[in-house]
């Protein structure tokens, strides 16, 4: 119980801080919508949308995720507050989970706004339970892995460059799973057809979360 | 190996502590004991290892080798328990700029499981004389105001040990005076205080014991009342000149 109370304290602190500053959601949302619009101009109606839309959607969310995660620990560092967390009796697991949940909230908010825009511009039915489930599973994997690498990148000099270089190769299985599952969903396939890809996404969520819990303490060590 | 049973009256016990950054030895075999209720003030030129020592004691960074016990708890194995006993004030106030001072204190209070948090926030805010600005955002505060709330944050969970790393950096005279008043109160309350500072006069005033560090080692140790200011200045100059440090 104490664990979750402290986790929610960290998540709430991040959400409240972001609500006041609007540094992450506003900028990443503008970027996300711009990318969707650029894709719309680039492809228009010249291609079979169901074939390319999943790729466009997850490339957009991947870049949005990298931008969002990049800010997660940088804001702690800029305020000089990360050491405040480190000297508190909150365990490293608590810090990781709290920061991860905050990043999950930010990214889900961005996706919730971007998906209807995507649906409107490409005239696709993406607001379905299938796409919602895929987005949720993939986003959990994204932030589980990304929060770890964001913490790692924060202690480096070229932190904005380090995160995508380290994070993207590792998160590729999640992107592949999300793209393939989304393609099936947009083609009108049933839940049963998607089970394999959804299972892969869920498995990677578990793997990333487990690895992150095991190594986070060492990652934030100077 | 030191065990918790051997602690007795020691708040902090450090044995053969080293810490290196890449190949640079920031701490070279520090041995140190701080008794409960003692006010230990550490002086030394830039690069002497004062900040590294405070960061190791506050469990922000791990020692490369050696043993650190906080109230008998080895920080390698019982870091979380040890952190409950420590209040840290550093150059950074550890306050989130977009939150109010109250929200910051409430946040840290939850991390430390402070009972009756609202009342305690009122007490520490009164102590640092900032009640009127409690609900204002930290981003609107001067450096001095932020540091006052940093002291309130550090005292929030009633720590047995206060670790302060040059807490007066960037403060105006009024804020420095208030800081030292609070610290004298802490020393009088028999709370263990370990502080680094460049301010010889004020440090001497607070110290029940003082150290001078140079190049990662303790090079001078004395009782707080064993030296006057002139004697301390002379000792400081002598040991730092001997070690080839800039004054």
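Values quoted throughout were computed directly from the atomic coordinates according to the rules given, and no laboratory measurement underlies them. Keep in mind the model is a prediction, meaning the values are calculated, not measured. Positions of Cβ are generated from backbone atoms using ideal geometry, with glycine treated the same way; all protein chains shown enter the neighbour counts.
Miscellaneous remarks
- Helix A:25-43 and the long axis of chain A differ in direction by around 20°, with both axes built from C-alpha atoms.
- Folded to 0 to 90 degrees: helix B:101-111 orientation relative to chain B principal axis, Cα: 70
- Share antiparallel - DSSP beta bridges, the protein assembly as shown, percent rounded to 5: 60
- Most mobile listed residue (A:30, A:117, A:47) in chain A, GNM with C-alpha springs under 10 Å: A:47
- Entry for region A:2-219 at q = 0.14, 0.16 Å⁻¹: log10 I(q)/I(0) = -0.84, -1.07, Debye formula applied to identical alpha-carbon scatterers, no solvent contribution.
- Here is how the number arises for the protein assembly as shown: DSSP H runs of 4 or more residues each give -39500 (n - 2.57), the sum is divided by the residue count, and the result at 222 nm is -19500 deg cm²/dmol.
- Within chain B, percent of DSSP bridges classed antiparallel, to nearest 5: 60
- Shown is the FRET efficiency for residue B:241 and residue B:113, computed with R0 = 45 Å from the Cβ-Cβ distance and rounded to the nearest 0.05: 0.40.
- The gain in end-to-end length when the residue B:234 to residue B:181 segment is fully stretched comes to 16.4 nm, 0.36 nm per residue minus the alpha carbon separation.
- When only Cα pairs below 8 angstrom with a gap of at least 6 residues are kept, region B:119-247 shows a relative contact order of 17 percent.
- Cut-off 14 Å, label 7 Å out along Cα→Cβ of residue A:155, residues of region A:179-222 by amide N: A:215-222
- Computed from Cα positions, the angle between helix B:173-188 and the longest principal axis of chain B comes to roughly 80 degrees.
- Within 10 Å of each Cβ in A:74-83, the average number of Cβ atoms from other chains: 5
- Taking A:111, A:183, A:76 in turn, the Gaussian network model of chain A (Cα-Cα springs below 10 Å) assigns the largest fluctuation to A:76.
- Extension gain, residue A:132-residue A:5: 0.36 nm per intervening residue step, less the Cα-Cα distance, totals 42.9 nm.
- Note on residue B:201 and residue B:132: the extension gain reaches 21.7 nm, defined as 0.36 nm multiplied by sequence separation minus the Cα-Cα distance.
- Per residue, the convex hull around the alpha carbon atoms of chain B comes to 130 Å³.
- Tensor-based shape of region B:43-183 (alpha-carbon gyration tensor, a/c under 1.5 rounded, otherwise prolate or oblate): oblate
- Computed label-point distance, nm, for sites residue A:47 and residue B:226 using a 7 Å Cα→Cβ extension: 7.8
- The GNM of chain B, with springs linking C-alpha atoms under 10 angstrom apart, assigns the highest mean-square fluctuation among B:181, B:166, B:13 to B:181.
- Efficiency of FRET from Cβ geometry, residue B:169 and residue B:22, R₀ 30 Å, rounded to 0.05: 0.70
- Residues of region B:37-74 with amide N under 14 Å of the 7 Å Cα→Cβ point at residue B:9: B:37-39
- For region A:2-219: relative contact order, % (alpha-carbon pairs under 8 angstrom, 6 or more apart): 27
- Shape of the protein assembly as shown, Cα gyration tensor, a/c cut at 1.5: prolate
- Rounded, prolate or oblate (a/c below 1.5 giving rounded, otherwise prolate when a/b exceeds b/c) for region A:19-68 by Cα gyration tensor: prolate
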